[in-house]
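The values are calculated or read from the model by the stated rules, or taken from the named source; none is laboratory data. No experiment lies behind these values; they were computed from the predicted model shown. Positions of Cβ are generated from backbone atoms using ideal geometry, with glycine treated the same way; all protein chains shown enter the neighbour counts.
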Amino acid sequence: MGYKVAVIGDADTATGFALAGASYTYVHAGKDRTLAKLAKFMTSEEIGLVFITHPIAEELGAEFRRMMRTKKLLPVVLRIPDKTGYAPKVDELYELIKRTVGAEIVVRAEGG
Amino acid sequence: MAAVAVVTPTRMELLKLKQRVSLAQKGHDLLREKMDALVIEFFEVLRRIGEARTGALKQLSLAHRTLSVCSAIMGTIETRQASMEAKRELEVEISTRHVMGVVVPTLEVDKVERNALARGYSLHTTSSVLDEASKEFEKALGLLVKLAELEGSAHAIARELERTKRRVNALEYILIPQLKAALKFIEMRLDEMERENFSRLKRIKAMLEAGA
């Protein structure tokens, strides 16, 4: 079944993804409004994939993390860097490993 | 332990408890195996994320660079306007797959890369750098969809892993010791009763012999 793609990001990210064919783009403007929009994306039946940029995800903070914990399988939410290439210091994937495996294990790409 | 106090020291109860212990142990072993398999799967996914992520992020930053060039040449407003005119009907095929009883998403997208005519913005008012930027973003989007699938799987597996771990620990550190303690209590109690009976019989026998 076909699902649509949604993007929450700064203006440039939204522009780029709109050019690439993402159906919904939302330009971040204030925490509360973005949260409301995100909640709408999360409950939408036709959206299967949500991209959100790292700085915004970080700004949304605990509320965002709570949403990620309680969400269903769909939509899949992926955090992406914005045009500054900003990525958080604590990688959420490593957090995940630490929590589930109980040890810190660094996974590197081959040759990386 | 609290559970010890409530069991009645009978042979029937002993048998029942023995059965429960063996069942709990069997469950524990099975869950352990499931956990091991999940860990293997989890690391496989993590390894693939590592590979996919580098490629996708590189492509994304390249896309952002081309878009910046496009904004510089065409103007920011025009670029944005073109993005609004663009056809935005990308569809991602999403289905689910089972890995060790865990439902993980699979995302698939065909034809991310379109030709300039299919994109929907007007060609004679836009520059070729816009086509370039769109192309790079389409490529990036394709890679990110794959990455999203992997990260979605990792999260689903991690959640299941956590749940399994909790159950294994509950069995290993709480239920099984509790049952074993109850078992031991009953055995001791039965032994004690046996000894009591034995000495009672001896005493009665002695009394009878003394009386005879």
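Details
- Qualifying residues in segment A:1-15 (those that are modelled with pLDDT of 80 or more and of a type in the set (A, V, I, L, M, F, W, C)) - the one surrounded by the fewest Cβ atoms within 10 Å (Cβ to Cβ): A:Ala11
- Residue within segment B:102-110 that is under 30 Å from B:Val21 (Cα atoms), at pLDDT 80 or above and not aromatic (Phe, Trp, Tyr) present: yes
- Within segment B:98-120, tally of residues that are of a type outside the set (Val, Ile, Thr), farther than 25 Å from B:Ala37 by Cα, more than 8 Å from chain A (Cβ to nearest Cβ) and part of a loop (DSSP other than H, G, I, E, B): 5
- For B:Glu78, the criteria (1) crowded, with 16+ Cβ neighbours inside 10 Å; (2) more than 7 Å from every other protein chain (Cβ to nearest Cβ); (3) outside any helix (DSSP H, G or I) hold in every case but one, which is (3).
- Test: residue in segment B:117-133 that is closer than 22 Å to B:Arg53 by Cβ and polar (S, T, N, Q): no
- Meets criteria (surrounded by 13 or more Cβ atoms within 10 Å (Cβ to Cβ) and at pLDDT 80 or above) for B:Glu132: yes
- Qualifying residue in segment B:50-62 (condition: β-branched (Val, Ile, Thr) and in contact (Cβ under 8 Å) with a residue 40 or more places away in the chain): no
- From B:Ser127, B:Ser95, B:Ser71, residue being surrounded by 18 or more Cβ atoms within 10 Å (Cβ to Cβ) and either in contact (Cβ under 8 Å) with a residue 40 or more places away in the chain or within 9 Å of another protein chain (Cβ to nearest Cβ) (or both): B:Ser71
- Among residues of segment B:117-129 being at pLDDT 75 or above and hydrophobic (A, V, I, L, M, F, W, C), the one that is nearest to B:Met74 (Cα to Cα) is B:Val129.
- Test: residue in segment B:47-65 that is exposed (fewer than 13 other Cβ atoms within 10 Å of the Cβ) and not basic (Lys, Arg): no
- Test: residue in segment B:121-128 that is in contact with a strand residue (DSSP E or B) (Cβ under 8 Å, 6 or more places away or on another chain) and hydrophobic (A, V, I, L, M, F, W, C): no
- In summary, helices (runs of 4 or more DSSP H) completely within segment A:16-112 and bearing 1 or more residues that are touching a strand residue (DSSP E or B) at 6+ places or on another chain (Cβ under 8 Å), surrounded by fewer than 20 Cβ atoms within 10 Å (Cβ to Cβ) and modelled with pLDDT of 80 or more occur at A:31-43, A:54-70.
- Residues of segment B:159-198 classified as without any contact (Cβ under 8 Å) to a residue 24 or more places away in the chain, of a type in the set (Asp, Glu) and within 14 Å of chain A (Cβ to nearest Cβ), total: 1
- Checked against the criterion of being more than 9 Å from chain A (Cβ to nearest Cβ), among the basic types (Lys, Arg) and part of a loop (DSSP other than H, G, I, E, B), segment B:84-91 contains not a single residue that satisfies it.
- For segment A:2-18, filtering for residues that are facing chain B (nearest Cβ under 7 Å), over 14 Å from B:Ser83 (Cα atoms) and among the hydrophobic types (A, V, I, L, M, F, W, C) leaves 1.
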